[in-house]
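Some notes on the structure that comes next.
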Amino acid sequence: MPRIPLVDLAAAHHRHRDAIDAAIRAVVEDTRFILGREVGEFESEFAAFCGTTHAVGVASGTAAIHLSLAALGIGPGDEVAVPAHTFVATAEPVSWLGARPRFVEVDAETGGMDPDALKSVVDRVRAVLPVHLYGLPVDLTAIGALASAAGVPLIEDAAQAHGAEYVRDDGSVVRAGAYGRIGCFSFYPGKNLGAFGDAGAVTTSDPALAGRVRRLSDHGRTSKYEHLTVGYAARLDTVQAAVLSVKLGTLASGNQRRRELAAAYRSRLDGVGDLMLPAELPNRRGVYHLFVLRTRHRDGLLAQLRDAGIGAGVHYPIPLHLQPAYASLGYKPGDLPVTEAWARECLSLPIYPELTEEQLETVVAEVRGYFDRV
C-alpha cells in the first residue's frame, strides 16, 4: 500500500468503527438481511439529506442508473445523451436496455457535459444523463432547460456528488440528485458516502417513479408472489443500509474537510508548471470526491508520485467513445477533442477527510519538485 494512498479506507473505518460494529450486530441479531428495517430508515434519512421526498436503496450505482432508465421506459431504438468523460457505468445500463448512448463532448473547464454540445443532439435523445464529475455539479440550469425544451427527462448521475450543491438563478440551493427528474447515487466503498461493498440509491420527488424503481429492484413484485412486471434482483441489503446510516451522520463534515483540503492544494499549487487546477464556480459547491488537476506532463508526474509512495490516479484514461466495448458505434480519435484532452492530461491527487496536513504537504512538495526539474 502506498504510504499516502489515493483513498484510505482503513482510516475512514477507524472513525466509525464502534458505531458500525453495533449497527451490524443489530442486523445479525435481527436476521432481517433482506429489506430489514434499516433499509427503510436509511432511505428516509438519505431522501431528507438530498432534499427529495423519496429515496430507493438499490444494489449499486450502476443499478441505480439501470433501474431509473427502465422506470422511465428507455428501451430498444432509443438514444440517451451521456458525457464521454466518465466511468463506463454511466453508459452500460443504456446498452443493457437495448438503447444507444449518444456520447456528448465535455466542458474544457470542468470535464462535465457541455451544454453547447448537448444542443446539437438533444432533439434526438429520449433522456439526458449528465455526470456531476469528481463531485462538482454540471451546469444544471442550461442542461435542464435543454432537456425540458426537448420534453425528455434529466437523470442526474450523482455517483460522485453526495451533498454537492447547485445554486439556481433565483438564489435557491438544491443538492445533487434533487434537481432532475431522478438522481442516481453510488455508495461504492471509496465514495464520499461509502458502504462495505456495492450499494446505491435512486432519489426522486415523483412518487409514481419511485414506486416503479422500487418494484423493478425487487423482481417486479407487488406482493411476495405476485409480479406485475419482469424485474431484477437489485435491492439494497440490510447490512449495507446499516453501515450507510452510521456514515451519513458525518458526511457533511467530511465534505467540508474535503473542501478545506482542496483549498490547501489550490493555494500551494497555483502557478506551478502548467497545472490546471479544479474549477471553482460561484453557483456550484462541489464535494471533491476527487481532486483532479490537468497537465501535459501527466504521465511523468504520475510516475514520480508513485515512485515516492503517493497513490495518485487517473480518472479516466480512455474516453467512452474510444472504448473497445463501444467500437461498434463508429467513433474515432479526434471526434471529441476536449474529452480526449481530459483523458490525456487528468491526474487525481489524494483527498479524503482523514488526510493530514503533513501528508498533503508531502504530496505538494513532490508535485512542485517535479516541475522544478522539467
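The values are calculated or read from the model by the stated rules, or taken from the named source; none is laboratory data. All figures in this text were calculated on a predicted structure; none of them were measured in a lab. No Cβ is skipped: glycine too gets one built from the backbone with ideal geometry, and neighbour counts run over all protein chains shown. The protein model used for the area step is the full one, side chains on, heavy atoms only, and it has no ligands, DNA or RNA in it. Shrake-Rupley method; radii C 1.70, N 1.55, O 1.52, S 1.80 Å.
Listed values, structure above:
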read-out	value
Boolean, Arg306 is charged (D, E, K, R), touching a helix residue (DSSP H, G or I) at 6+ places or on another chain (Cβ under 6 Å) and over 29 Å from Ala55 (Cα atoms)	no
Any strands (runs of 3 or more DSSP E) falling wholly within region 48-116 and containing at least 1 residues that are open to solvent by 30 Å² or more (accessible area, probe 1.4 Å) and free of Cβ contacts under 8 Å to residues at least 40 places away in the same chain	100-104
Which listed residue is surrounded by fewer than 22 Cβ atoms within 10 Å (Cβ to Cβ), out of contact with any Asp or Glu (no Cβ under 7 Å at 6 or more places or on another chain), on the phi < 0 side of the Ramachandran plot and not hydrophobic (A, V, I, L, M, F, W, C), from Asp123, Asp157	Asp123
Residue list for region 275-310, filter: in contact with a Phe, Trp or Tyr (Cβ under 8 Å, 6 or more places away or on another chain) and part of a loop (DSSP other than H, G, I, E, B)	Leu275, Leu277, Pro278, Asn283, Gly286, Tyr288, His289, Leu290, His297
Residues (of a type in the set (D, E, K, R), under 20 Å from Leu355 (Cα atoms) and open to solvent by less than 50 Å² (accessible area, probe 1.4 Å)) located in region 256-287	Arg258, Arg259
Criterion (assigned to a loop (DSSP other than H, G, I, E, B) and either under 28 Å from Arg17 (Cα atoms) or touching a residue at least 24 places away in the same chain (Cβ under 8 Å) (or both)) met by exactly one of Ala210, Ala201, Ala195, Ala241	Ala195
Total residues in region 1-31, condition within 22 Å of Asp218 (Cα to Cα) and either among the hydroxyl-bearing types (Ser, Thr, Tyr) or surrounded by 14 or more Cβ atoms within 10 Å (Cβ to Cβ) (or both)	2
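Conditions (1) over 23 Å from the mean Cα position of the chain (by Cα); (2) surrounded by 14 or more Cβ atoms within 10 Å (Cβ to Cβ); (3) farther than 22 Å from Glu361 by Cα; (4) touching a residue at least 60 places away in the same chain (Cβ under 8 Å), marked per residue:
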residue: His289; (1), (2), (3), (4): no, yes, no, yes
residue: Asp307; (1), (2), (3), (4): yes, no, no, no
residue: Tyr316; (1), (2), (3), (4): no, yes, yes, yes
residue: Pro319; (1), (2), (3), (4): no, yes, yes, yes
residue: Ala327; (1), (2), (3), (4): yes, no, yes, no
residue: Lys332; (1), (2), (3), (4): yes, no, yes, no
residue: Leu336; (1), (2), (3), (4): no, yes, yes, yes
residue: Glu345; (1), (2), (3), (4): no, yes, yes, yes
